[in-house]
Amino acid sequence: MGRYVARRLGQMVITLIGATMVLFACLFVLPGDPVGSIAGSDKARDPAVVAELHKRYGLDKSLPEQYVNYVSKVATGDLGEDYVQRREVSEILGPKLVNTAKLAVFAIILVSALGMAVGIIAALKRYSMLDVTTTFMTTMLVGFPTFVIGFLLKRFLAIELELLPIGGDDFQALILPAVTLAIVDVAFVARLTRGTMLEVLRADYVKTAVAKGLPRRRVLFKHVLRNSVIPVVTYLGIAFGGLLGGALITETIFNWDGVGLAMVQAVQQQNNPIVVGVVTYSVGIFIILSLVVDLLYAALDPRIRLS
């Protein structure tokens, strides 16, 4: 197990380096001067000021040199200084990461609890009216764009009915963006749970356990659910990583001060240190969560051995 974890951590470093290299290359080919918003308008720019800003942020160096400089700083926990506020990127992103984490945790709790509950009930009531209705509704929701759901919830629950606020950092302000993020994933998890449970219920070892007279509840929880949950855990890990990486559209719609909104603003301002910082954080989160999911596999299914 230890060797497996060490190998995956090595892969994490390689993946992180590759992602940041691609990002650096993409930012390099974008038109415009990234420090232009600091120096002023085209006519008012002082060449000496522009040159000083390029030197300050290392933009006077070649792209490989800039990248090596960035990696060496990241290794010490320094994500650099942003171009607009002249503050440390880590200092700016810190509170935003906390806000995004709140949103992601609330949303993934809704996804896990509601999605699996609906899927389990649908599987146990197979071909009933409840199952047919659930299947129809989840199929519709899976195809719904998140931004449409967000605008609808914002329009009717926040603007028309004034039940919930838009913006802010309290629990009430968290509800709408979390529900917006969760709805599609709830539908997907429900369908996935239903499908895997029906497959396991048809397995020979489940039929044998029932034929031996084991209590239905014991068969359901010990045999069916434990083996049905593995694909769901995979999806939840990926979904949680996406939520922690920042929900760009949802945070923008509800003006939620997280890393997604920070990313949108940074791209508009061509504030490259913030963009690179958010991407570095997001890739790291995805890789760590993929490792956690792999370790959960071994815990949920003893037949799986990580070596």
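The values are calculated or read from the model by the stated rules, or taken from the named source; none is laboratory data. Treat the numbers as computed from the prediction; the structure is a model and nothing was measured. Ideal geometry is used to build each Cβ from the backbone, glycine not excepted, and the neighbour counts take in all protein chains shown.
Residue check: residue 200 meets all listed conditions (1) surrounded by 12 or more Cβ atoms within 10 Å (Cβ to Cβ); (2) more than 24 Å from the chain's Cα centre (by Cα); (3) at pLDDT 90 or above but one, namely (3).
Taking the stated definitions as given, is residue 156 without any contact (Cβ under 8 Å) to a residue 60 or more places away in the chain and either among the β-branched types (Val, Ile, Thr) or more than 24 Å from residue 241 (Cβ to Cβ) (or both)? The answer is yes for residue 156. Of the residues making up region 1-35, just one is among the hydroxyl-bearing types (Ser, Thr, Tyr), at pLDDT 75 or above and touching a Ser or Thr at 6+ places or on another chain (Cβ under 8 Å), namely 20. Just one residue in the set 63, 103, 141, 110 is closer than 21 Å to residue 271 by Cβ, in contact (Cβ under 8 Å) with a residue 24 or more places away in the chain and hydrophobic (A, V, I, L, M, F, W, C); that residue is 63.
Checking each residue in region 130-150 for being under 25 Å from the mean Cα position of the chain (by Cα) and surrounded by 14 or more Cβ atoms within 10 Å (Cβ to Cβ) picks out 138, 141, 142, 146, 147, 149, 150.
This table checks each residue for (1) free of Cβ contacts under 8 Å to residues at least 12 places away in the same chain; (2) in the same structural domain as residue 58 (by TED's automatic domain parsing); (3) within 23 Å of residue 34 (Cβ to Cβ).
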{"residue": "204", "(1), (2), (3)": "yes, no, no"}
{"residue": "211", "(1), (2), (3)": "yes, no, no"}
{"residue": "217", "(1), (2), (3)": "yes, no, no"}
{"residue": "221", "(1), (2), (3)": "yes, no, no"}
{"residue": "239", "(1), (2), (3)": "no, no, no"}
{"residue": "247", "(1), (2), (3)": "no, no, no"}
{"residue": "269", "(1), (2), (3)": "no, no, yes"}
{"residue": "274", "(1), (2), (3)": "no, no, yes"}
{"residue": "296", "(1), (2), (3)": "no, no, no"}
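Counting only helices (runs of 4 or more DSSP H) that fall entirely inside region 165-283 and contain at least 1 residues that are of a type in the set (Asp, Glu) and under 21 Å from residue 89 (Cα atoms), the qualifying elements are 248-253.
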